[in-house]
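Visitor: One structure is given below, represented as structure tokens, and several questions about it will come after.
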Amino acid sequence: MTDDAAARAGRKEWIGLAVLAVPALLAATDLSMVFMAAPWISADLEPTGSQLLWIMDIYGFVLAGLLITVGTLGDRIGRRRLLMIGAVVFGGASLLAAFSTSAEMLIAARALLGVGAATLAPTTLALVRQLFRDERQLRTAIGIWAASWSAGFPLGALLGGLLIEHFWWGSVFLVNVPVAALLLVLAPLLLPESTDPRPGRLDLFSAALAMASVLTLIWALKQTAEHGWNLGPIAVGIVGLVSATAFVRRQRRLTSPLIDVTLFRRPAFSGAIGANTMLALSSAALGMLAFQHLQLVLGYRPFVTALWMVPVVAATMVGIAVATGVVRHLRPAIVVGTGLVIAAIGFALFIRLEATDTLATVLLSYGILNFGMGMVTTLAYDLMIAAAPREQAGAATGVNETGTELGSALGIAVLGTIATTAYRNRILDTMPDSVPAEVADIASGSLGGATAAAETLLPTRAAELLTHAHDAFTAGINVTASIATVLLTVTAVTVTIALRNVRLDDTPTQRRDR
């Protein structure tokens, strides 16, 4: 048997990939399912506004803060072993969340879910690399894995809507338990164990610095977005920046760092992470606004809104398939740059969106955007994994996922604030004089507030208020899309230049592996 034939994966490896895709999909669906369940959680547990916010956010906070550390831990103790530990934590936390009797209990359960989810991205992608040694098969496998993550948010909304309509809100968490149990059974049978053969000592102080950096920066951004600039968030943000600086400097000095920061000197690694981070930053806020537009402006029910996201998922899958195919013939720089430009075109179409536009306009714009994202995401993961040594695959993936989580938080905090400010300014400028002052104050806070306030008015005045609110909200989308278009256009140029000499079959890691 030739070396090439021996390197090619067989049926067992592809079944193993399916096993790895399921927990990745679960971790990605969590947030949208909780969004769907939020009204029922509020009615049952009666959390305060702050507590409800923590129920939504603590999962992402913990997930982002632990990714680098957990990825490196898997490189040391074994990726399969860590995946199984994470499955136990994720399943147990899901049970705790499903049967929570207070807001505090649910917040704690959501934090534990974040701990479990933090094991999934680094370990599953690192294990994909261990299963597939043939580069073409690996590229396809990473595309399938990336598709699981990409499909998670809209599919989570669909699943959450179905569960809520037929069961109670806890069912959105309970569905995780049998999947976690199945993973515990199948992982030892289908997945190889892999570790870094020279792991060194796990530096707990570096882990603490990584956690402090991520959590403080995200918290500061969220507080600034919600309450504006004040001394508290600024001070916490400075602490986060200082912690991040100390973390990087410490990694340079350690003989066994959590992450080899010299990886960022490799264009394939830094370019891939930069592309994914900027896509997350640009798309997170617009995704949130688009869901609200479909429900509150166009008037679709949440489950119907989720159904209309299916074509968007299909566009992402097509983008992944196209990138996987054409990169065999074109340089990664061309494929990634083209994907970023296509995504920027999708954003640009939102600049001209009006409240009176039909659903088809939104889906066309969003579909083009997600087609471009699909082209970039799978290839960026491929480049990032290929640029890192096999023994550091978990840590490298953790860095990438942390960048994505931070990009999403920054996008929602900054672009979301800009959209809210544009909405407030527009509706205050156009508010009809016939609207009472107290109603106008509520309506200027958010589109949801305007919708609720309109119910207190006579039909004619309510319709007039909603027309102005819808126009103002769409203006906020226009401004956000304008900024995102510029950001992605600049990113497309920068990343294309950074990757201009990179080939998928000629990365430093692949030359070393051969």
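Visitor: Could you list, in sequence order, all residues of segment 271-307 that are among the hydrophobic types (A, V, I, L, M, F, W, C) and over 23 Å from Leu162 (Cβ atoms)?
Guide: Ala272, Ile273, Ala275, Met278, Leu279, Ala280, Leu281, Ala284, Ala285, Leu286, Leu289, Val297
Visitor: Tell me whether segment 53-64 contains one or more residues that are surrounded by fewer than 18 Cβ atoms within 10 Å (Cβ to Cβ), assigned by TED's automatic domain parsing to the domain that holds Leu186 and either of a type outside the set (Asp, Glu) or at pLDDT 70 or above (or both).
Guide: yes
Visitor: If I filter segment 252-304 down to residues being of a type in the set (Lys, Arg) and assigned to a helix (DSSP H, G or I), which single residue comes out as surrounded by the fewest Cβ atoms within 10 Å (Cβ to Cβ)?
Guide: Arg253
Visitor: So, one more: Kindly evaluate Val322 against the criterion of being out of contact with any Asp or Glu (no Cβ under 7 Å at 6 or more places or on another chain), in a helix (DSSP H, G or I), without any contact (Cβ under 8 Å) to a residue 60 or more places away in the chain and over 21 Å from Pro267 (Cβ atoms).
Guide: Judged against the criteria, Val322 is a match.
Visitor: Could you figure out which of (1) over 24 Å from Met33 (Cβ atoms); (2) at pLDDT below 85 isn't true of Met288?
Guide: Result: Met288 passes all but (1).
Visitor: Here is a follow-up. With the condition kept exactly as written, say whether any residue in segment 122-134 is farther than 21 Å from Lys12 by Cβ and at pLDDT below 75.
Guide: Taking every residue of segment 122-134 in turn, at least one turns out to be farther than 21 Å from Lys12 by Cβ and at pLDDT below 75.
Visitor: Would you please list the contacts, defined by Cβ atoms under 7 Å and residues six or more apart or on different chains, that run from a residue in segment 92-109 that is assigned by TED's automatic domain parsing to the domain that holds Leu174 and modelled with pLDDT of 90 or more to a residue that is assigned to a helix (DSSP H, G or I) and charged (D, E, K, R)?
Guide: Ala97/Arg110
Visitor: Out of everything in segment 66-90 that is in contact with a Gly (Cβ under 8 Å, 6 or more places away or on another chain) and of a type in the set (Gly, Ala, Ser), what residue ends up being modelled with the lowest pLDDT?
Guide: Checked segment 66-90; the qualifying residue modelled with the lowest pLDDT is Gly71.
Visitor: Check segment 427-450 and report whether any residue there is aliphatic (A, V, I, L, M), under 27 Å from the mean Cα position of the chain (by Cα) and under 20 Å from Leu349 (Cβ atoms).
Guide: Checked against the condition, which is being aliphatic (A, V, I, L, M), under 27 Å from the mean Cα position of the chain (by Cα) and under 20 Å from Leu349 (Cβ atoms), segment 427-450 yields no hits at all.
Visitor: A follow-up question, please. Would you be able to say whether some residue in segment 180-199 is of a type outside the set (S, T, N, Q), at pLDDT 75 or above and within 23 Å of Thr101 (Cβ to Cβ)?
Guide: The answer is yes, given that some residue of segment 180-199 is of a type outside the set (S, T, N, Q), at pLDDT 75 or above and within 23 Å of Thr101 (Cβ to Cβ).
Visitor: From Leu330, Leu307, Leu364, Leu349, grab the single residue that is surrounded by fewer than 21 Cβ atoms within 10 Å (Cβ to Cβ), outside any helix (DSSP H, G or I), on the phi < 0 side of the Ramachandran plot and of a type in the set (A, V, I, L, M, F, W, C).
Guide: After applying the criteria, what remains is Leu330.
Residue-by-condition table, conditions (1) among the charged types (D, E, K, R); (2) over 29 Å from Ala280 (Cβ atoms); (3) surrounded by fewer than 17 Cβ atoms within 10 Å (Cβ to Cβ):
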| position | (1), (2), (3) |
| --- | --- |
| Gly407 | no, no, no |
| Arg426 | yes, no, no |
| Thr430 | no, yes, yes |
| Thr456 | no, yes, yes |
| His470 | no, no, no |
| Thr480 | no, no, no |
| Ala492 | no, no, no |
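Visitor: Looking only at residues in segment 226-240 that are in a helix (DSSP H, G or I) and at pLDDT below 80, which one is farthest from Gly411 (Cα to Cα)?
Guide: Among them, the one singled out is His227.
The values are calculated or read from the model by the stated rules, or taken from the named source; none is laboratory data. Being a predicted model, the structure only gives us computed values, none of them experimental. Cβ: placed from backbone, ideal geometry, glycine included. Neighbour counts: every protein chain shown.
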